[in-house]
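This report concerns only the one structure given below.
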Amino acid sequence: MTRFSAGGPAIDRLVQLLAKLPGLGPRSARRAALHLVKRKEALLSPLAQAMLSAAEDVRSCSVCRTLDTTDPCVICGDPSRDPALVCVVEDVADLWALERAGAYRGRYHVLGGTLSALDGVGPDDIGIPALAVRAAKAEVSEVILATNATVDGQTTAHYITAALAECGVVVSQLAHGVPFGGELDYLDDGTLGTALRARKPFTEGA
Ligand SMILES: [Zn+2]
């Protein structure tokens with residue numbers, strides 16, 4: 001007996017791929033696929049075009065490692081951003097959260113993860129040597145650690161602090177108010193802005 005396939009292999013494939021998106025299981029993927037195919041001209045075709053151009057144009061910024069369609073990214077290429085401040089975030093989503101909050105006018109370094117012996121993620125994988133090179137430049141005076149308040153996030157923050165010890169920069173971190181295990185992306189803009197303004201020097205055991 002063959003498995004029931006409502007819309008043929010093309011729609012099946014669509015459902016399978018949609019089901020890989022965060023927050024979408026098979027059931028919601030089927031609903032989303034049906035929603036799309038019912039709106040071929042208004043939604044499915046424009047979405048397909050947008051995905052294609054994103055797939056072609058999105059790249060990692062060679063300076064800060066965020067994702068953008070230009071390299072250097074819009075933030076690194078913006079002369080009005082303060083080059084003295086570099087904020088270290090785990091993920092592009094965290095950068096977007098800080099930008100949404102609108103409380104920060106410096107630059108970024110996107111780790112793209114945290115150190116993890118278990119998953120085989122080492123300092124090179126999250127760009128720490130490149131961050132140290134940036135931090136040693138005369139224009140950089142402060143590195144703000146905005147890694148998540150998880151065990152991995154804090155382990156990574158400690159490692160970075162040690163790696164930057166010889167760079168002659170102040171290393172600070174977001175003030176508490178960021179809940180333990182809290183991810184920046186889930187914080188409201190006001191809380192994030194306050195945590196940023198009330199940042200303090202990074203200390204062992206903090
Ligand atoms: Zn950049």
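Summary of values
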read-out	value
Per-residue Cβ neighbour rank within 10 angstrom, fewest leading, Asp124, Asp152	Asp124, Asp152
The stretch 61-206 pair-distance distribution - Cα-Cα, 5 Å bins, rounded %	2, 10, 21, 25, 23, 14, 5, 0, 0
Which of Cys76, Leu36, Gly8, positive extreme of dipole for the stretch 1-156 (C-beta unit charges)	Gly8
Pair-distance profile P(r), taking every C-alpha pair of the stretch 78-126, with 10 angstrom steps and integer %	25, 45, 23, 7, 0
The chain: antiparallel DSSP beta bridges as a percent of all, rounded to 5	30 percent
Cα-based shape type of the stretch 121-180, given that a ≥ b ≥ c are square roots of the gyration tensor eigenvalues and the cut on a/c is 1.5	oblate
Span per principal axis, largest first, for the Cα atoms of the stretch 19-91 (Å)	50, 25, 18
Size descriptor, Kirkwood hydrodynamic radius, that averages inverse alpha-carbon separations across the stretch 1-141, Å	18.2 Å
Sequence of His109, His158 once ranked by neighbouring C-beta atoms within 10 Å, starting from the fewest	His158, His109
Largest to smallest principal axis extent of the C-alpha atoms in the stretch 51-111, angstrom	35, 21, 19
Cβ-derived FRET efficiency at R0 45 Å, Thr155 paired with Leu17, nearest 0.05	0.85
Simple Cβ-charge dipole of the chain, Lys/Arg +1 and Asp/Glu -1, about Cα centre, in debye nearest 20	920 debye
Rough spin-label spacing in nm, given labels placed 7 Å along Cα→Cβ, for Thr69 and Ala32	2.2 nm
Cα centre as origin, Lys/Arg/Asp/Glu Cβ charges: the stretch 107-175 dipole, Debye	200 debye
Sequence-separation-based contact order of the chain, relative, with Cα cut under 8 Å and 6+ spacing, percent	15 percent
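Each reported figure results from applying straightforward, stated rules to the coordinates on display, with no laboratory input. Since this is a predicted model, take the numbers as computed values, not measurements. Don't worry about glycine lacking a Cβ; one is built from the backbone with ideal geometry, like all the others, and counts go over all protein chains shown.
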